[in-house]
Amino acid sequence: MLYVIGLGLGDAADITVKGLRALKSCSRVYLEAYTSVLADSQGALEEFYGKAVILADRDLVEQGADEILKDADVTDVAFLVVGDPFGATTHSDLVLRAVNAGIPYQVIHNASIMTAVGCCGLQLYNFGETVSLVFWTESWRPESFYEKICKNRTAGLHTLCLLDIKVKERSIDNMMRGRKIYEPPRFMSVSQAATQLLQIIQRRREQGEELGLTEETVCVGVARVGAEDQVIRTATLQQLESCDLGAPLHSLIVTGRLHPLEVDMLRLSAEPNVLQHLHMIDSSTYTS
């Protein structure tokens, strides 16, 4: 059996009872280690689970899946995923490979940022399409996420922005030279995400475009959701550029049309200067 087990968002103890029982039956345990990270170290996971944990980087998962699935038809193998197993399409590919190889599988779900983001006070059914913000480079500055955010806002919907993670990445020069020299890990912060959005807004304003959001748009920055030191900060996009929410992982939410209950919840985490924006919302224009 191949067990694909969600670990939740906090630390080693967030695994479900069902997931822990399955894990303990496995001869090999892999930890997917590039689409997200837990607060706990590999050693802490091994101590809590009572099992050796093999780190599975992008190369192993995407190019060496056969190694993960080896003998999984005659023994139990666990593939651990931070959050929920299907938060990334890569893991669907692993399941399809198992099916094609005649290997039975079981998925054990857990909390994901896609649902846990409701902790900020915004109602999940008021969210539109989720977008990803990537680190810009000198030669690559994609903006497709901006159009999606604007489309959501036009429909009155909030946007969850998942922020870039760079783990065990190689520079273009090292890739071209075939050198397995990896860059230090990088995790995009809410501040960096806000900076990129603000640059897009400024450029499009100068081109005379009608803006789908501005510097004064109410947004929410969240950090380390599910951990004991979780942080939620409601502020304008401009204010979030200078906010330090601490260690990773971060996510950014751009609000759409706000329900009065959402407004009340956002006030709990609002910067003093953004309270005036929330007080200006006329609750009589919304329905329950």
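The values are calculated or read from the model by the stated rules, or taken from the named source; none is laboratory data. Remember, it's a predicted structure, so these values are computed and weren't measured experimentally. So basically every Cβ, Gly included, is an ideal-geometry build from the backbone, and we count neighbours across all protein chains shown. Areas reflect the complete protein model, heavy atoms only, side chains present, ligands, DNA and RNA absent. Shrake-Rupley method; radii C 1.70, N 1.55, O 1.52, S 1.80 Å.
Data table
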item	result
Projected label distance in nm at LEU96 and CYS119, using a 7 Å step from Cα toward the beta-carbon	3.3 nm
Accessible area (Å², per residue) of region 1-104, counting only protein heavy atoms and a probe of 1.4 Å	45 Å²
27 Å Cα cut-off, lysine pairs counted over the chain (separation 8 or more, or different chains)	12
Whole-number D in µm²/s for region 1-125 (Stokes-Einstein; Kirkwood sum over Cα pairs; 4 °C, 1.567 mPa s)	89 µm²/s
Structure-based [θ]222 nm, the chain - -39500 (n - 2.57) summed over DSSP H runs of at least 4, per residue, nearest 500	-8500 deg cm²/dmol
Semi-axis lengths, Å, region 227-272, gyration tensor of Cα atoms, sqrt of 5 times eigenvalues	19, 13, 10
Distance between modelled label sites at ARG205 and GLU271, nm, 7 Å Cα→Cβ extension	1.5 nm
For the chain: rounded, prolate or oblate by the Cα gyration tensor [a/c cutoff 1.5]	prolate
Stretch gain in nm, segment ASP73-ALA155, where the contour uses 0.36 nm per residue and the Cα spacing is subtracted	24.8 nm
Rounded to 10°, Cα long-axis angle of helix 190-206 versus longest principal axis of the chain	50 degrees
Amide H within-cut-off set for ALA270, under 5 Å, with H built and near neighbours excluded	THR234
Added length on full extension, which subtracts the Cα-Cα distance from 0.36 nm per residue, GLU62 to ASP164	34.9 nm
GLU216 versus ARG21: modelled label distance in nm, points set 7 Å from Cα along the beta carbon direction	5.6 nm
